[in-house]
1. When you scan the stretch 100-116, how many residues do you find that are surrounded by 16 or more Cβ atoms within 10 Å (Cβ to Cβ) and touching an Asp or Glu at 6+ places or on another chain (Cβ under 8 Å)?
2. Pairs, please: C-beta under 9 Å, at least 6 apart or cross-chain, first residue on the phi > 0 side of the Ramachandran plot and in the stretch 83-103, second surrounded by 15 or more Cβ atoms within 10 Å (Cβ to Cβ) and among the charged types (D, E, K, R)?
3. Could you check the stretch 49-86 and list, in sequence order, the residues that are touching a Phe, Trp or Tyr at 6+ places or on another chain (Cβ under 7 Å) and open to solvent by 30 Å² or more (accessible area, probe 1.4 Å)?
4. Restricting attention to the stretch 174-216, which residues are hydrophobic (A, V, I, L, M, F, W, C), open to solvent by 20 Å² or more (accessible area, probe 1.4 Å) and in a helix (DSSP H, G or I)?
5. Only one of these is modelled with pLDDT of 95 or more, of a type in the set (A, V, I, L, M) and open to solvent by 10 Å² or more (accessible area, probe 1.4 Å): Ala39, Ala89. Name it.
6. Residues Arg33, Arg14: which one is of a type in the set (D, E, K, R), touching an Asp or Glu at 6+ places or on another chain (Cβ under 7 Å) and either crowded, with 17+ Cβ neighbours inside 10 Å or over 22 Å from Tyr189 (Cβ atoms) (or both)?
7. In the stretch 19-124, which strands (runs of 3 or more DSSP E) lie fully inside it and hold 1 or more residues that are touching a Lys or Arg at 6+ places or on another chain (Cβ under 6 Å)?
8. Yes or no: Ile282 of a type in the set (Val, Ile, Thr) and modelled with pLDDT under 80?
Amino acid sequence: LSHDENMDGTTRERLSHIQGIPLLERVVKYWPRVEKFQASEEDLLIATYPKAGTTWTQEVVDSILNEGDVEKCKRAPTQVRMPFLEMTAPDGSSSGITKLEVMDPPRVIKTHLPIQLVPRSFWDAGCKVIYMARNPKDTVVSYYHFDRMHLYQPDICLVLCKMGILGWGSWYDHVKGYWKERHNKKILYILYEDMKEDPVREVTRIAQFLKRQLSKSTIEHIVQMTAFSAMRENPMANYSTIPDTIFDRTASEFMRKGEVGDWKNHFSAGEDAAFEEHYRKIMSDCPIPIRFTI
């Protein structure tokens, strides 16, 4: 077997690099059109590390912008309403860029790019950015289960939980990059665990950042609309429109648990101790208040 072929014969995609950051080979192949993308001042960028609450953040934002109108938020699947900036179909036939080019601003755009790879036009235009960070233990468990279902993702294993060689690069560098720039650029930095603990408070923060005045009842309605259980049943948010040739749902669902602390079911005491030591050392220069339980 070649290194990009699975035991069951399905082929997984290799990683290539841009400025030292590992990215899916097809992202790198079509990188020039991503780099040259022209953002507009009214565009909003939602940035996360993979499996850190991206879809949740997207659905919350869309619900706020549509003032809690359920039908408007079900007008199309998430990836159509809010295109994935750097992603390209495996055969290059469609991409986030081709979707965005036929949309008028204001556009809501998803990315997993670390801050140094975000196209310069976003900063030149003064775009707002919402960044969500999730604790690395739950992120890697979620990434592991996602990898089992995703036939185009490069293989990963829990032994990579130091998170330095996964697609889109190091988790540490990713969360630190946006954190350090949050006062220099229009970045709202939110934490997955805070959203789980008090979604009304955090949805209110997002609405205020987007300059949307919503009533308390509308905020509470949005919290219900975007609860994990509701999104899991919503075909416009749960990626059930993605064909089985890309997602193997017999291996794992796209929306699996969405919990805080699920890592306890996967990390041994020894693995956890080793991870904690590594985490404290690497994060000592950047006091992001990330919690592993709530």
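1. Applying the first criterion (surrounded by 16 or more Cβ atoms within 10 Å (Cβ to Cβ)) to the stretch 100-116 yields 100, 107-115.
Subsequent filtering for residues that are touching an Asp or Glu at 6+ places or on another chain (Cβ under 8 Å) retains 107-109, 111-115.
Of the residues in the stretch 100-116, 8 are surrounded by 16 or more Cβ atoms within 10 Å (Cβ to Cβ) and touching an Asp or Glu at 6+ places or on another chain (Cβ under 8 Å).
2. Here the result reads Gly92/Arg26, each pair linking the stretch 83-103 to a residue that is surrounded by 15 or more Cβ atoms within 10 Å (Cβ to Cβ) and among the charged types (D, E, K, R).
3. Lys51
4. Once the filter is applied, which keeps residues that are hydrophobic (A, V, I, L, M, F, W, C), open to solvent by 20 Å² or more (accessible area, probe 1.4 Å) and in a helix (DSSP H, G or I), the stretch 174-216 yields Trp179, Val200, Phe209.
5. On the way: Ala89 fails: modelled with pLDDT of 95 or more.
The unique qualifying residue is Ala39.
6. On the way: Arg33 fails: touching an Asp or Glu at 6+ places or on another chain (Cβ under 7 Å).
Among Arg33, Arg14, only Arg14 is of a type in the set (D, E, K, R), touching an Asp or Glu at 6+ places or on another chain (Cβ under 7 Å) and either crowded, with 17+ Cβ neighbours inside 10 Å or over 22 Å from Tyr189 (Cβ atoms) (or both).
7. On the way: elements: 21-24, 44-48, 108-111.
Correct list: 44-48.
8. Criteria not met by Ile282.
The values are calculated or read from the model by the stated rules, or taken from the named source; none is laboratory data. It should be emphasised that the depicted structure is a prediction, and the values quoted were computed from it without experimental measurement. When we count neighbours, we look across all protein chains shown, and the Cβ atoms used for this are built from the backbone with ideal geometry, even at glycine. Note: areas computed on protein heavy atoms with side chains; ligands, DNA, RNA excluded. Shrake-Rupley method; radii C 1.70, N 1.55, O 1.52, S 1.80 Å.
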